[in-house]
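A.B. asks: Please find one structure pasted underneath; my questions will follow.
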Amino acid sequence: MAGFRNGRGRDNRPPQGQPQQAPYGYDAAPPPPARQQWPQQGQGQAPYGQQGAPQGGQRPYGEPEYFGDPYGQQHPHAVTANNPGHTQMFSVDDPYGPATDHHAGAAPVPTGPRLHWKALLSGIVLRPADTFLRTRDHAVWGPALIVTFLYGLLAIFGFDTAREEAIDATLSTAIPYVLMTALGFVVGGLILGAVTHTLARQLGGDGAWQPTVGLSMLVMSITDAPRLVFALFLGGENGLVQVIGWLTWLAAGALFTVMVSRSHDLPWPKALGASAIQLVALLSLIKLGTL
């Protein structure tokens, strides 16, 4: 009788609808989830193992949301994207543009093979802008050294005093004298071309030093060739030779400006300023030496 009065014995379960109290020291169990109302048989119930998706894209109670709505609207390629054999492609836009673009001075990048020496020499006179552009990335050491050396061999005969000394000297003395003069012109052309290249880079140019130096040597030799031809026969102090000398010096200034402009992507005022020292040196050493 005592056991029945204390609630123990025949029915020790808590009243229906009230959770059972956990013993001292243990956490209470969470309440059971609400029972889901399953459709009755014959009301569109899906077969076993093939539960249909709820209407309206709603998820069943307790379904995780780790990967978004599995029943929502998907892109046509989302079914196979990022699966084995169907990796989704992506691209990264470069804010600075393609790496092959030329931005220095909006000049096109030269293409084509190296010019033959005949095309190079004739192009400097007939097509200077196109020739200088095509050779801006090609060294022209062979034609530059040979043409400058030949020019130096004959340049000594364009000065009246030097020509008389070379003619009056013996052959064993004249040959070393002429050869040293030719080498002096080659070395001087290299130094002046290097100065022109350095000034062009200081003014914002982006050209290479080998084409600049080689082309400057060719311009120096080719532009002074007409004056030298007349000076060999008429002498350096002849009035016609002096006029030709000044005209060829102006032509050299124009060619130097075009060459530096094309080789270094510079506007013509900066290109002229970069070649100013070389022009002044040519005027004082060659032109003024005969006037």
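The values are calculated or read from the model by the stated rules, or taken from the named source; none is laboratory data. No experiment lies behind these values; they were computed from the predicted model shown. Counting neighbours? That spans all protein chains shown, and the Cβs are built from the backbone with ideal geometry, glycine included. Only protein heavy atoms, including side chains, enter the accessible area calculation; ligands, DNA and RNA are left aside. Shrake-Rupley method; radii C 1.70, N 1.55, O 1.52, S 1.80 Å.
A.B. asks: Of the conditions (1) in contact with a Lys or Arg (Cβ under 6 Å, 6 or more places away or on another chain); (2) touching a residue at least 40 places away in the same chain (Cβ under 8 Å); (3) of a type in the set (Val, Ile, Thr), Ile244 fails just one. Which one is it?
C.D. replies: (2)
A.B. asks: Which residue is modelled with the highest pLDDT, if the candidates are limited to region 104-162 and must be open to solvent by 70 Å² or more (accessible area, probe 1.4 Å) and β-branched (Val, Ile, Thr)?
C.D. replies: Filtering first and then ranking leaves Ile146.
A.B. asks: Which members of region 163-176 meet the condition of being surrounded by 13 or more Cβ atoms within 10 Å (Cβ to Cβ) and in a helix (DSSP H, G or I)? Walk me through how you get there before you give the answer.
C.D. replies: Our first condition is that a residue be surrounded by 13 or more Cβ atoms within 10 Å (Cβ to Cβ); within region 163-176, this holds for 163, 165-166, 169, 174.
Hits for region 163-176 are Arg163, Glu165, Ala166, Ala174.
A.B. asks: Looking at region 223-255 only, could you name the residues that are closer than 23 Å to Trp268 by Cα and either in contact with a helix residue (DSSP H, G or I) (Cβ under 6 Å, 6 or more places away or on another chain) or open to solvent by less than 40 Å² (accessible area, probe 1.4 Å) (or both)? Quick ask: steps written out before the conclusion?
C.D. replies: Taking region 223-255 and keeping what is closer than 23 Å to Trp268 by Cα, we get 223-224, 246-255.
Selection gives Thr223, Asp224, Thr248, Trp249, Ala251, Ala252, Gly253, Leu255.
A.B. asks: While we're on this one: Scan region 255-282 for residues that are closer than 17 Å to Ala225 by Cα and modelled with pLDDT of 95 or more and jot them down.
C.D. replies: Leu255, Phe256
A.B. asks: Out of the residues in region 203-218 that are open to solvent by 40 Å² or more (accessible area, probe 1.4 Å) and of a type in the set (A, V, I, L, M), which is farthest from the chain's Cα centre (by Cα)?
C.D. replies: Of region 203-218, the ones open to solvent by 40 Å² or more (accessible area, probe 1.4 Å) are 203-204, 206, 208-210.
Then keep just the ones that are of a type in the set (A, V, I, L, M); that gives 203, 208.
Numbers: Leu203: 19, Ala208: 14 Å.
Checked region 203-218; the qualifying residue farthest from the chain's Cα centre (by Cα) is Leu203.
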